[in-house]
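Visitor: Before we start, here is the structure in question, set down as structure tokens.
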């Protein structure tokens, strides 16, 4: 997000709230046969001028809510809905103006009078505030039904984002948060791959400049494809990007979205993106090769629905205004027709011996004592491991050393690497550890490896 927008103080919105309050107060006076005094009308003109300048400025606070597609009338309606919470005395005025409604929220019928709307403008307001209308679809307002007399309440997150209030974390349905922390210095990648990751961030940081100021074509996303074998750092890189933006990272569990009942999968996907809309977060979808592989022959009705579900998911990813990172272990299986959907594609290679040396150095607990025989250069060339393998083995070795109350040695490392490799190789041979096998106790590898 643009730093200038982030720095906005809620005080800048005072003119918005005061204008709504004065409009409601003028309506209350007119209902009792009185007219606003000249100084009140002059103040209302001043406030209107301030509001117009604020909404057209580079520091427009409404930009925090991604309301670029709203008309000026739409922003007026949103201001009236939020005003009852931002300036509580406005809510009391709403109650006086609507004695049949005990709650301090505005209705479409009251908006028609407060904003002095003609028939066409009122119809537009009814469309915006109805289920499926812009304000409801963007989760900016809430309502229980579509009547002109239905109460219009502020969206749960809208006011908090607008006024920099603490916002309770709400996990989108079908996703779970990634709590890991990581920064650029933690990444061990070739420089050209790190450059692509930084270019991906440019799509997030400079959308306002390219789209709003320069008139660039507006796309959803941005969408990135991270490709590489397991343990090469795809999720770690996604964590770096999320932390760089100061946003939470959520991994989407596709199994929780897919249902055997026709139509339910689309509903689940819709709930995920509706909950994520307008929120500052990074969504990560794992193993998308299963979704984006070349389409097979449709042999039964279920195959047709499955293709429709995939198309719907991909369409929602493309339309979502927020970063989506898709990961795959099998890039070759992805249909090339999907390539245009990605703003960037990053291939995560297995680390070479220099990268493995950096990983071993970083993954061993920094304050743990190390035995004299623990040679990082030797480790990096002994076994071809991924970053994920090294992380797991380094921690396991540390626990072995802690149990023995000894410094971490090559024996601890050899045992830990053997355990790590055995996860994927039931018939693991001692010699698979290369020169590190010389440090593996016979009791660990069993009689079959003698």
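The values are calculated or read from the model by the stated rules, or taken from the named source; none is laboratory data. All values reported here derive from a predicted model rather than from experimental measurement. Because the Cβ atoms are built from the backbone with ideal geometry, glycine has one as well, and the counts that use them run over all protein chains shown.
Visitor: Please work out which one of (1) farther than 30 Å from residue 23 by Cβ; (2) in contact with a helix residue (DSSP H, G or I) (Cβ under 9 Å, 6 or more places away or on another chain); (3) part of a loop (DSSP other than H, G, I, E, B) is the condition residue 193 fails and give its number.
Guide: Every listed condition holds for residue 193 apart from (3).
Visitor: Return a yes/no flag: does the range 83-97 have any residue that is closer than 30 Å to residue 268 by Cα and at pLDDT below 95.
Guide: Within the range 83-97, none of the residues are closer than 30 Å to residue 268 by Cα and at pLDDT below 95.
Visitor: Does residue 180 count as closer than 25 Å to residue 100 by Cβ and either in contact (Cβ under 8 Å) with a residue 24 or more places away in the chain or outside any loop (DSSP other than H, G, I, E, B) (or both)?
Guide: Answer is no for this residue.
Visitor: Continuing with this model, one more query. Is it the case that the range 200-223 has a residue that's within 30 Å of residue 355 (Cβ to Cβ) and part of a loop (DSSP other than H, G, I, E, B)?
Guide: Yes, the range 200-223 contains at least one residue that is within 30 Å of residue 355 (Cβ to Cβ) and part of a loop (DSSP other than H, G, I, E, B).
Visitor: Does residue 68 satisfy the criteria of being outside the structural domain of residue 321 (by TED's automatic domain parsing), assigned to a loop (DSSP other than H, G, I, E, B) and either in contact (Cβ under 8 Å) with a residue 12 or more places away in the chain or closer than 25 Å to residue 212 by Cα (or both)?
Guide: Criteria met by residue 68.
Visitor: Picking from 330, 364, 313, 379, which residue would you name as being under 30 Å from residue 223 (Cα atoms) and buried (at least 21 other Cβ atoms within 10 Å of the Cβ)?
Guide: Of 330, 364, 313, 379, the one residue that is under 30 Å from residue 223 (Cα atoms) and buried (at least 21 other Cβ atoms within 10 Å of the Cβ) is 313.
Visitor: Can you tell me which of 222, 177, 173 is touching a helix residue (DSSP H, G or I) at 6+ places or on another chain (Cβ under 7 Å), at pLDDT 90 or above and under 23 Å from residue 316 (Cα atoms)?
Guide: Result of the check over 222, 177, 173: 222.
Conditions tested, residue by residue: (1) without any contact (Cβ under 8 Å) to a residue 12 or more places away in the chain; (2) crowded, with 21+ Cβ neighbours inside 10 Å.
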position	(1), (2)
80	no, yes
102	yes, no
109	no, no
116	yes, no
121	no, no
127	yes, no
135	no, yes
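Here's the yes/no breakdown for (1) out of contact with any helix residue (DSSP H, G or I) (no Cβ under 9 Å at 6 or more places or on another chain); (2) at pLDDT 80 or above; (3) surrounded by 15 or more Cβ atoms within 10 Å (Cβ to Cβ):
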site	(1), (2), (3)
261	yes, no, no
266	no, yes, yes
283	no, yes, yes
289	no, no, yes
294	no, no, no
320	no, yes, yes
354	no, yes, no
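Visitor: Still on this model: Find the helices (runs of 4 or more DSSP H) located wholly in the range 235-293 whose residues include 3 or more that are out of contact with any strand residue (DSSP E or B) (no Cβ under 9 Å at 6 or more places or on another chain), and list them.
Guide: 264-276
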